[in-house]
């Protein structure tokens, strides 16, 4: 079965607009996490355009940050943003293009903290990919290092609405472009395949420009749905000890929020 991930991330400026409010929710959590663990070397898997990484660099600490992503468009945008940062910040960052299931970095075995934020694990569709990612990440950590994965907690009612057929079209949001150049409306429709545990999402992006022109385009995005025991077992079979599971970005206990944020530690 073919899965789609790339096309959704090709229009980076639109992606950044769509998720600018997400930073208000999760960036404070990641900053606090870094403050608590005081790492010297951090790796962010699926680092994207730097939405989280650059904010971490602006916070406390003087850790070295490495980022890995499979989408060249995202890494190009990350580098463009980095060029606007002070030179001492730029020197702390190294970016790589690669697949999180088979990456091999020069500092393998030396990372104190590896992050996989905001549902990016959902792009590991096959069991072999998932196991390879966890085992490879385990090997890249130093002894005692931590791997933190953040993804949504499945909503059974939401998934059942899209079970084996496209769901209703949902209005996801209305976003203003820079300098009110345009207004963008977002819609989505989903189909959930229960055997594969995969959501097939079709996004409609509709832009209305101040000039009176308009633009409409579609992108596809497939996401594997991780149930809690499944995610926890991936940590355990890869050699990790689970230190904590949080239910949201405000450090709620697991089960009292909409997220599953798992902190695994290398033995």
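Ignoring everything except DSSP H segments at least 4 long, calculate the 222 nm mean residue ellipticity for the chain; use -39,500 (n - 2.57) per segment, divide by total residues, nearest 500. Intermediate values should be presented prior to the final figure.
On the way: 8 runs with 73 residues, N = 267.
Mean residue ellipticity, 222 nm, calculated: -8000 deg cm²/dmol.
How do the peptides 15-28, 171-184, 106-119 rank, highest first, by the average count of neighbouring beta carbon atoms within 10 Å per residue?
106-119, 15-28, 171-184
Normalised by the number of residues in the chain, what is the relative contact order in percent for Cα pairs under 8 Å and 6+ residues apart? Mind showing how you got there, number by number?
On the way: 513 pairs, mean separation 46.0, N = 267.
Dividing the mean separation by the residue count of the chain yields 17 percent.
Just need the relative contact order of the range 16-114 here, percent rounded to a whole number, with Cα pairs under 8 Å and 6+ apart.
Contact order relative to length: 32 percent.
Mind checking the full-extension length gain between residue 83 and residue 242? Use 0.36 nm per residue of separation minus the Cα-Cα distance, one decimal, nm.
53.5 nm is the gain from fully extending residue 83 to residue 242.
What order, most packed first, do the peptides 135-141, 84-90 have when packing is the mean number of other Cβ atoms within 10 Å of each residue? Before the final figure, lay out each step's value.
On the way: 135-141: 19.9, 84-90: 10.9.
Per-residue Cβ counts within 10 Å, averaged per peptide and sorted highest first, yield 135-141, 84-90.
Note down the nm distance, to one decimal, between modelled labels 7 Å out along Cα→Cβ at residue 196 and at residue 32.
Simple spin-label model gives 3.7 nm for this pair.
Treat each spin label as a single point 7 Å out from the Cα along the C-beta direction, and report the residue 164 to residue 258 distance in nm.
With each label placed 7 Å out from Cα toward Cβ, I get 2.8 nm.
Okay, which of the range 227-262 sit inside 16 Å, backbone N to the point 7 Å along the Cα-Cβ direction of residue 96?
From the range 227-262, the list is empty.
Readers should treat all values here as calculations from the given coordinates under stated rules, not as data from a laboratory. Just so it is clear, the model here is predicted, and its values are computed rather than measured. Note that each Cβ is placed from the backbone with ideal geometry, even for glycine, and that neighbours are counted across all protein chains shown.
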